[in-house]
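To start, the structure under review is shown below, and the notes come after it.
The values are calculated or read from the model by the stated rules, or taken from the named source; none is laboratory data. The structure presented is a predicted model; accordingly, all values stated were derived computationally and were not measured. Don't worry about glycine lacking a Cβ; one is built from the backbone with ideal geometry, like all the others, and counts go over all protein chains shown. Only protein heavy atoms, including side chains, enter the accessible area calculation; ligands, DNA and RNA are left aside. Shrake-Rupley method; radii C 1.70, N 1.55, O 1.52, S 1.80 Å.
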Amino acid sequence: IATANDDGQVKLAFMGDETTKSRTMQHGGDDEMTMTTCAVFRPPSFGENGKVSQQSNVELASGGTDCFIKLWDVSRPGKPISSYSTQNPNNNTTTNQMCNPPIIHSLSWSPSGNILSAGLGNGQIHLLSTPNKKTSKLMLQKILNEDMEHYGSAIACTIFPNLRSEQKIEDRLFVTAGNNGKILIWDLGTSVVVVGGDNDCGVEDDPCTLFFPPNDNLQKQNETTETEEITSTLSNTSIKNDDDQQQPKVLFGISHPHKPNWMVCSSIYDVDMSNTLFVCDTSCEISAYTLPCR
């Protein structure tokens, strides 16, 4: 288990293994007032037999108030194997943003481990990729213009819901939540998703076909709160145009009444509450939205 701490460190504890000592990774510099805000393990690589590759190193990504995302090899915690600055994603300026800086609020890996998403304090979402698991260098793949969808509010959380079956890993489905309460379900498109390599993302299917139009089907299971506003760009038919499937687009949105703090999604195999999005917010309740999956 990994914990992100206010002292700029990421601490690892090995549950059930008394022979392995805990480890510490220093995300922020010793002379910096950096808080580590999040730490997430990268999904492992799978071999042709469907089992976890024995040669796969355990990797972890961390983010902090220093506007840096760092990728670590857990077996070598002394130095990150790659670093990425959200202040200067294209290496074209040395000026730091002082007002509403792009500090990292949330990190999440896609099911294949090919894409790392970062929700930032300036309302942007950076989608990073690594060319392959041998180099593990973080590279900018896409910046979502969230200032148009979340109205410039900070991004509180990003997740890949992984609603598909285990045999068809789908990296195109993506969920974001802003401090303004807006929750969006995205199709990242074929221009973002990496196909082939260590993990095939399986982009032959259109994610639009996963959902019914949610205007009449999306339900909030907490009946104590009034029905939320739902917007949609879905239709009953899948999009056939290849150009339409290339660029990221919002499939539908949910107007949540409070500021979200965290989200998690159940799988299609959950018998009791399948395809359910759970939202923790600033209230004392946990909201559950049933996604309109076909």
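Quick notes
- Among the residues making up segment 247-294, a single one is within 19 Å of the chain's Cα centre (by Cα), outside any strand (DSSP E or B) and of a type in the set (D, E, K, R): LYS259.
- If only residues of segment 234-246 that are open to solvent by 60 Å² or more (accessible area, probe 1.4 Å) and in a helix (DSSP H, G or I) are counted, the one that is modelled with the highest pLDDT is ASP244.
- Every residue from segment 8-33 that is closer than 19 Å to ILE103 by Cβ and at pLDDT 90 or above: GLY8, GLN9, VAL10, MET25, GLN26, HIS27
- Applying the condition of being modelled with pLDDT of 60 or more, out of contact with any Gly (no Cβ under 8 Å at 6 or more places or on another chain) and farther than 15 Å from THR3 by Cα to segment 34-51 and asking which residue is surrounded by the fewest Cβ atoms within 10 Å (Cβ to Cβ) yields LYS51.
- Criterion (open to solvent by 40 Å² or more (accessible area, probe 1.4 Å), on the phi > 0 side of the Ramachandran plot and at pLDDT below 90) met by exactly one of ASN91, ASN132: ASN91
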